[in-house]
Amino acid sequence: MHNGRTSTIHTHPRRTRIQASAGAVALTFAALAGCSSDEDPSAAAPTGPVVEVSGMAYSPATLTIDAGETVTWEFDDRGIAHDVVGTGNAATELRSTLMSTGTFTHTFTDPGTYDYTCSLHPDMHGTIVVR
Ligand SMILES: [Cu+2]
């Protein structure tokens, strides 16, 4: 009675079930990875240049970009609010609200040097150099 055909019929559904559960496990891992890498729940990951606002500082303090690029400031300083306020020739160009979390974006269309500070913490300084 040992018959190859019978054996094939029995193993085929079992193999299908194993593949289905392996797929479910892979999907679960993908979902977990997506959650853990997304530390800022307020926005999708920016694709352009980023300035981190944390530890009472802008990082990098000086960022060089090309004209037309959009800079994203990411505010994450343990609940301390900061803003981005242009000084000098950037005074009319750059102004965010006070933020303790989330992001502020600005697109720089004209080449130049744009200095900015935080209205609450004048010791914080940043510069965007637009080529
Ligand atoms: Cu500040």
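Only the coordinates and a few stated rules stand behind these numbers; no lab work does. Every value quoted in this text rests on a predicted model; they were computed, and no experiment measured them. Cβ coordinates were reconstructed from backbone atoms using ideal geometry, including for glycine residues, and neighbour counts include every protein chain displayed.
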query = Given region 50-130, what whole percent of its Cα pairs are spread farther than 15 Å?
reply = 49 percent
inquiry  = As an exercise, use a Förster radius of 41 Å and the Cβ-Cβ distance of SER59 and THR92 to find the FRET efficiency, rounded to the nearest 0.05.
reply    = 0.95
query = Applying the Karplus parametrisation 6.51 cos²θ - 1.76 cosθ + 1.60 with θ = phi - 60° to the phi angles of region 88-93, what ³J(HN,Hα) value in whole Hz is obtained for each residue in order, glycine and proline being reported as x?
reply = x, 5, 8, 4, 8, 8
